[in-house]
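Each reported figure results from applying straightforward, stated rules to the coordinates on display, with no laboratory input. These numbers were taken from a predicted model, which means no experiment stands behind them. Here the Cβ is made from the backbone with ideal geometry for all residues, glycine too, and neighbour counts use every protein chain on show.
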Amino acid sequence: YRTDLGLTNATTTGLFAVYVLGLIPGLLLAGAAADRRGRRPVTFAALALSVLATCLLMAGPSAAWLLWPGRFLTGLGAGTLLTAGSVWIKELSAVPYGTAPTLGAAARRSGLFLSAGFASGGLAAACIAEWAPHPMVLAYVPHLVLAAAAALGAARTPETVTARRPSGPAVP
């Protein structure tokens, strides 16, 4: 951001900090939302939010102010997906959906998916940013492709939670 857009060190640091401001509510609130609404809808909402954020970041070189909401929404989407998606993978790995012999094995599978996603996405974006033309735009393309692939995969994946109604007085 500093080199390609001419932003100051303070602005660049602020852009990275605003990501964390989005990450925190995603991590704190997504678990309860996924328990209440189901894993699939929360995961799809996080994927949609993440795609929107990526599009804002891709537009950043033309309108630098879009980097602020883009970074915040990236954090919010990531925190939500980390929470709801990780639990969903863990549940899908265990009986009756999967073949993991223990909950520990299911949790390890979830951790492996998470680690593989961080590693492959970051590596692809870094290579594109370093060697491809238009790095401020093209470095985000792998994320869009992976998000589309994740949405297609999730669309065919069973829900593991029955959505619950909010507790309160019964409505006749």
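Taking each residue of the stretch 129-143 that is crowded, with 18+ Cβ neighbours inside 10 Å and looking for partners that are assigned to a helix (DSSP H, G or I) and of a type in the set (Lys, Arg) with beta-carbon atoms closer than 8 Å, six or more apart or interchain, yields nothing. The residue that is nearest to THR157 (Cα to Cα), among those in the stretch 32-56 that are crowded, with 18+ Cβ neighbours inside 10 Å and not aliphatic (A, V, I, L, M), is ARG40.
Only residues that are surrounded by 12 or more Cβ atoms within 10 Å (Cβ to Cβ) and either charged (D, E, K, R) or without any contact (Cβ under 8 Å) to a residue 60 or more places away in the chain (or both) were counted across the stretch 96-111, and they come to 10.
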